[in-house]
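Since the structure comes first, as structure tokens, the remarks are kept for the end.
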Amino acid sequence: MKPAINIQNLSFHYEEAHPILELDTFEVKMGEKVFVYGPSGCGKSTLLGLIAGIFLPQQGTLEVLGLDFGSTSKGKRDEIRGKEIGYIFQTFNLIPYLNCLENILLPCIITPQKKDKITKPLEQEAALLADHLNLTDVMHKKARQLSVGQQQRVAAARALIGSPQLVIADEPTSSLDGKNTNEFLQLLLREWEEKKFTLVFVSHDERLAEEFNRSVSLPEMNRIRK
Ligand code: ADP
Ligand code: MG
């Protein structure tokens, strides 16, 4: 089986010429849960943007879910991201005036291919995820009326709808207190146990590393910061 993520000899910079990431090798197996850590500014979000096919490296190999992004059109990358990659953001990025259910269903509206993957009625699929993420009681509340812990669990449900093969979480717990961090992590990992998607979870909080199959220090992996 091909790895979920295969990065070789990658070099990336933004418009300004100075390089941000230079990685010899970063591989993630299908179904693995990997923890990536490093301080603010070390390039964690940039790495995730590359893995999601939002940015392309100037050099090297970047293969995600068996597709070589370097030779894949933007349209095809957008399609695979919409269909097979779930993204959880640090700041939730919910639509405040939509309710919990509508926020969870949003990817199905944006990406019809995602909707087509779901065999159950959409509301039933959302209700099941809401149950797993402890959101059943707030399904019809507006996102802006939810606590931060609830908001991040809605964001997780939104990332998980349609069973993407790869889930990327960019510091999803950094706005949460200890209790909510713990609840969020346990519920996300319980979904991983059940569905065995590939999970790349980024944080600057190394204490969370023990919950994962493997942990990787981005500054150690990145030749730029050495
Ligand atoms: P982290 O997520 O680890 O905090 P980032 O990937 O956001 O780090 O940033 C890594 C470096 O890239 C920083 O120096 C940041 O200023 C720079 N950077 C991030 N996004 C952009 C962008 N869109 N354009 C130019 N530079 C950027
Ligand atoms: Mg970041």
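Could you check how many residues of segment 21-74 are closer than 22 Å to F201 by Cβ, surrounded by fewer than 19 Cβ atoms within 10 Å (Cβ to Cβ), of a type in the set (A, V, I, L, M, F, W, C) and within 16 Å of ligand 1 (Cβ to nearest atom)?
Residues flagged as closer than 22 Å to F201 by Cβ, surrounded by fewer than 19 Cβ atoms within 10 Å (Cβ to Cβ), of a type in the set (A, V, I, L, M, F, W, C) and within 16 Å of ligand 1 (Cβ to nearest atom) within segment 21-74 amount to 1.
Considering only helices (runs of 4 or more DSSP H) fully contained in segment 90-177, which possess at least 1 residues that are of a type outside the set (D, E, K, R) and crowded, with 18+ Cβ neighbours inside 10 Å? If you could, list the steps in order and put the result at the bottom.
On the way: elements: 100-110, 112-117, 122-132, 148-160.
Hits in segment 90-177: 100-110, 122-132, 148-160.
Any idea which of (1) at pLDDT 95 or above; (2) touching a strand residue (DSSP E or B) at 6+ places or on another chain (Cβ under 7 Å); (3) farther than 19 Å from L98 by Cβ; (4) of a type in the set (A, V, I, L, M) is the one L160 doesn't satisfy?
Just one mismatch for L160, condition (3).
Let me spell it out: the conditions are (1) within 16 Å of ligand 2 (Cβ to nearest atom); (2) crowded, with 19+ Cβ neighbours inside 10 Å; (3) more than 20 Å from the chain's Cα centre (by Cα), and L10 meets all of them except one. Which number is the exception?
(1)
Here is a yes/no grid of residues against (1) more than 12 Å from L166 (Cβ to Cβ); (2) touching a Leu at 6+ places or on another chain (Cβ under 9 Å); (3) free of Cβ contacts under 8 Å to residues at least 24 places away in the same chain; (4) aliphatic (A, V, I, L, M):
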| residue | (1), (2), (3), (4) |
| --- | --- |
| E32 | no, yes, no, no |
| G41 | yes, no, yes, no |
| L48 | no, no, no, yes |
| I54 | yes, yes, no, yes |
| G75 | yes, no, yes, no |
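When you go through E125, E183 one by one, which is the residue that is among the acidic types (D, E) and over 19 Å from G82 (Cα atoms)?
Values: E125 fails: over 19 Å from G82 (Cα atoms).
Sole residue among the options that is among the acidic types (D, E) and over 19 Å from G82 (Cα atoms): E183.
Kindly indicate the residue of segment 195-219 that is open to solvent by 80 Å² or more (accessible area, probe 1.4 Å) and without any contact (Cβ under 8 Å) to a residue 60 or more places away in the chain and also nearest to ligand 2 (Cβ to nearest atom) among those meeting that condition.
Across segment 195-219, the extreme among qualifying residues is R207.
Provide a single number: the residues in segment 75-89 that are open to solvent by 30 Å² or more (accessible area, probe 1.4 Å), under 24 Å from V154 (Cα atoms) and either modelled with pLDDT under 95 or away from ligand 1 (no atom under 14 Å from the Cβ) (or both). So that I can check it myself, show each step before the final result.
Within segment 75-89, the subset open to solvent by 30 Å² or more (accessible area, probe 1.4 Å) is 75-76, 78-81, 83, 87, 89.
Next, from what is left, pick out any that are under 24 Å from V154 (Cα atoms): 78-81, 83, 87, 89.
So of that shortlist, the ones also either modelled with pLDDT under 95 or away from ligand 1 (no atom under 14 Å from the Cβ) (or both) come out as 78-81, 83, 89.
Number of matching residues: 6.
Right, F69: more than 25 Å from E211 (Cβ to Cβ), more than 16 Å from ligand 2 (Cβ to nearest atom) and within 20 Å of the chain's Cα centre (by Cα) or not? Steps first, answer last, please.
Working: more than 25 Å from E211 (Cβ to Cβ): yes; more than 16 Å from ligand 2 (Cβ to nearest atom): yes; within 20 Å of the chain's Cα centre (by Cα): yes.
The answer is yes for F69.
The values are calculated or read from the model by the stated rules, or taken from the named source; none is laboratory data. Just so we're clear, the structure is a prediction, and the values are computed from it rather than from any experiment. Note: ideal-geometry Cβ built from the backbone for every residue, glycine included; neighbour counts use all protein chains shown. Areas reflect the complete protein model, heavy atoms only, side chains present, ligands, DNA and RNA absent. Shrake-Rupley method; radii C 1.70, N 1.55, O 1.52, S 1.80 Å.
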